Amino acid sequence: MTAVDAPPSTSVEVEDLQIRLAGGADVVDEVSFRVRPGEILGLVGESGSGKTTVALALLGYARRGLRITGGHIRVGGRDLVGLGEGELRAVRGAEVAYVPQDPAAALNPTLRIGHQMREALAAHPDAADDPEARIAQVLVDARLDLDSGILRKYPHQLSGGQQQRVAIAMAFACRSSVIVLDEPTTGLDVSTQRHVLETVRNLCRSYGVAAVYVSHDLAVVSGLVSQVAVMYAGRVIELGPTERVFADPVHPYTQGLLAAVPTPERAETLIGVPGHPPRPGHRPSGCSFAPRCPYAEDRCRAQNPPPVQVDGRLVRCVRASQTAGATPRGGQVVAPPAVRTETLLQVHGLDARYGRFAVLRHVDLRVAPETCTAVVGESGSGKTTLARCIVGLHANWSGQMRFEGTDLAPGARRRDKEVLERIQYVFQNPYTSLNPRKTIRQIVAQPLAHFRALGARETDERVVTALGEVSLGADFADRYPDQLSGGERQRVAIARALVVEPTLLVCDEVTSALDVSVQAVIVELLRRLQHERHLTMLFITHNLALVRSIAQEAVVLCDGRVVESGPVEEIMERPADPYTVRLIQDVPKLAHRVGAGSGGASPWSP
Amino acid sequence: MTSVLVPDSPSPAPAAVRTRRRRGSSTLARAARTRRGAIGLALVGIVVAIAVIGPFVAPYSPTAFVTSPFAAPSGSTLLGGDVLGRDVLSRVLAGGWLLLVMASAATVFGVVVGAAAGISAAYLRGSTDGLIMRSVDVILAFPSLVFVLLLVSIVGPKLWLITIAVGFVQAPPVARVLRSATLDLSERDYVKAVELQGMRPAKVMSSELLPNLVSPLMVELGLRLTYSIVIMAGLAFLGFGQPPPAPNWGYMIQENRIGLSSNPWAVIVPAALISVLTVGANTFTDAIARVVIGVERQGDDATLASTLGLGNLP
Ligand code: SF4
């Protein structure tokens, strides 16, 4: 399905693409779109939506266990579906190039950059008459400094951002007409990310390449692409010009997704999408979104909604005419009680090391009771080390830490049981923080058994209550972690921390492994719990946009030093340190924000 | 593969959830259902059945002289006579169970000691690790049979000593395997989470780490059983087993080899039984290992994909 009339020339055209599991169930179905030269299409969706599967199919590639079973993928007039492996190999690189998420996957660590680029060009002799000139040209266009001797360097001598730009330059060097970029900026710092995005934009425009940009990050996509295709459960559910889709989404899923994106510009509550997507092959009949959709009615479940044209875009929703303009908007965060002057946790002159390498230098931090303090920093800033020093996982530090007026010993083994109980920690990755061999009941009961030694009945009651507080039913208690989704696992981790009623909850990047719609739910959950239980919270994050939604105080870390600290409003509105200023500038923001005023009559409950 | 596509795979239907899964036994069951596993299990089963039922169905006493030395098979002695004119069939039927019991006991002992050493070394690190692993290196420097002979010749050929000695030489390789498996596990966040509760190291190892080491442990058990049988039979061949009149497959090969030309069955049958047993045990172990690796690879992919939100081109 395409939103525009047949374009004069199309670089890539996907029509009714269907990809099936070996077992027969389809994971991608009825996917159609077109991209013209010089245009970028954003393929967005959450994990499991099939976006990467579609992206790989553009190279004629299907992962193990999958098969392209129907439809057409036309690149330069040639249909890739049904081509043999040999022919496909000729197409890849020459006609379609791929930039993976991890540049290390694209670059050979044992060869110099120049050597690799020459090799890539040698494989496609038609690409350039003078390979050297071509290489120099793309590297300059990718804003890499030739004079720095980059051609003679090995990949490990470059920074992550430089590596990714080299990988992108390599993809463009061979004059392929289509480039597939698979989340190339995930894992990069915001400033680097912004530069890489600019590189992609410039290269696509000046080389007339059609690009497909796969991402889970709506803010990144909004500023880059001209058309966006939103995927859900293997289908494109909304496709159209970026400004239209982002400023006034029509499909209820797109609306929910956009409402879940945090913004650094305002202190808004976030609205998540309840429930979770179906597993591929387990799609409900009719509209796949129906179980989570606030508009769902009987006819939605009858058949898969065909795409309908609404306001310049294609939408798969039978109620598209009624849903327009009803995107929910988060409410203003209720002004928190004034920050108290007492101190719960005081960190003074903290120096932390890994071996002989200093990670934190003279960090000062004061956390008032019953407030949420955000610790913000990019990767390598030492924010996680700070959290680990506080909870007792990292013992190699000097300085002073006082909690409720008493000194904290370095390392959990040297701390009193009581202190361990009062400071609880939620780990970043819910996929590794729960023991796969234990049931949820055992996991949540563990701290109770250790700290409280209650009877079996009471332990059980408290476990069920704790699960209830994180909105998990009692039926979750007997499941194993691998039967839970990422968001559910993170709730279990939060329940495990809260079951012993701690004073201080340290949350270390707790949403970074989660999808944006789930992130919103978890952030709102934490805010609610903090409020209800008068918790003090330390919220470690790299995501500046989140800070405003949850914290009252913030500390900005850079290279192991505190560069700025104070009330969140103050820091976000009037950042004093140049580093903070740059950070706030570079955070990707939704370029087209849903208009204010909408949302009044929305059936989405916040 | 499905898991790769569904990083954030939602919970399955409640009905499936309620059946509590015992993962260890399901791995064994699945291994037994593979072709390889079924063959291995069948081979082991045949030999075990002979050794267990044998003593009750033997036509003669294993120590009774019923025929002439190295008599050829006949109607009354189906496998002929041995070096002293005893019935080979009866001795074969009666001579297996002790070997099996001793080999199994030695295996369990060796795997328990080795696992305890390996897990502690990996989890406690530091000087404990150094001490345990250097001892392992020292023991491994001797060929295991030589080491056992050394021990047995010092104290004398007691059956319990042979069992412990054979078990003891199995421990070092087990320790190495379990150490590397544990090193990886002990950095996992769920281990850190219980450390933050101040849980004692012994408890962390037994309740957090051990349940996650069931798969490598099962593979090691199978593998070590194979070795134990071979060493036990070898020791018996050299005369370190039950004292002579008692039947023993290993010793039968030794005592009857001089009559190989007159009655080869007295050597071939016990040798074949030992071979079938080891091949069977090894095949089944291999099946377990394949199931485990298959399972684990899938799990890793799922974790990776869910962490990154997607997978890369291979
Ligand atoms: S209104 Fe109906 S068709 Fe539209 S998204 Fe909701 S459930 Fe699907």
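The values are calculated or read from the model by the stated rules, or taken from the named source; none is laboratory data. Not measured: the values here are computed from a predicted model. Note that we place each Cβ from the backbone using ideal geometry, even for glycine, and neighbour counts take in every protein chain shown.
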State yes or no: is A:A133 exposed (fewer than 15 other Cβ atoms within 10 Å of the Cβ), more than 20 Å from A:V221 (Cβ to Cβ) and among the aliphatic types (A, V, I, L, M)?
yes
How many residues, within the range A:47-60, are assigned to a loop (DSSP other than H, G, I, E, B) and facing chain B (nearest Cβ under 7 Å)?
2
How do the pairs read when you match residues in the range A:192-203 that are under 16 Å from A:G160 (Cβ atoms) with residues anywhere that are of a type in the set (D, E) and assigned to a helix (DSSP H, G or I), using Cβ under 8 Å and keeping only pairs 6 or more apart or on different chains?
A:Q193/A:D586; A:R194/A:D586; A:T199/A:D141
Are any residues in the range A:413-435 under 27 Å from the mean Cα position of the chain (by Cα) and more than 7 Å from chain B (Cβ to nearest Cβ), and if so, which ones?
A:Q424, A:V426, A:Q428, A:P430
Taking the range A:267-276 and keeping only residues that are under 18 Å from the mean Cα position of the chain (by Cα) and modelled with pLDDT of 80 or more, one is left with A:L270, A:I271, A:G272, A:V273, A:P274
Residue among A:G208, A:G256 that is more than 14 Å from every other protein chain (Cβ to nearest Cβ), within 16 Å of the ligand (Cβ to nearest atom) and modelled with pLDDT of 85 or more
A:G256
So in the range A:224-253, with the set limited to residues that are away from the ligand (no atom under 13 Å from the Cβ) and assigned to a loop (DSSP other than H, G, I, E, B), which one is farthest from the other protein chains (Cβ to nearest Cβ)?
A:D248
Selection within the range A:93-105 - buried (at least 18 other Cβ atoms within 10 Å of the Cβ) and within 10 Å of another protein chain (Cβ to nearest Cβ)
A:Y98, A:P100, A:Q101, A:D102
The listed residue being buried (at least 20 other Cβ atoms within 10 Å of the Cβ), among the polar types (S, T, N, Q) and within 16 Å of the ligand (Cβ to nearest atom), out of A:T323, A:T385, A:T373
A:T323
Could you look through the range A:261-274, keep only residues that are away from the ligand (no atom under 12 Å from the Cβ) and within 14 Å of chain B (Cβ to nearest Cβ), and pick out the one that is nearest to A:A591 (Cα to Cα)?
A:G272
Which is closer than 27 Å to A:S222 by Cβ, modelled with pLDDT of 85 or more and more than 10 Å from the ligand (Cβ to nearest atom), of A:Q332, A:Q309?
A:Q309
Pick from the range A:277-301, criterion more than 8 Å from the ligand (Cβ to nearest atom) and modelled with pLDDT of 85 or more, ranking: surrounded by the fewest Cβ atoms within 10 Å (Cβ to Cβ):
A:D298
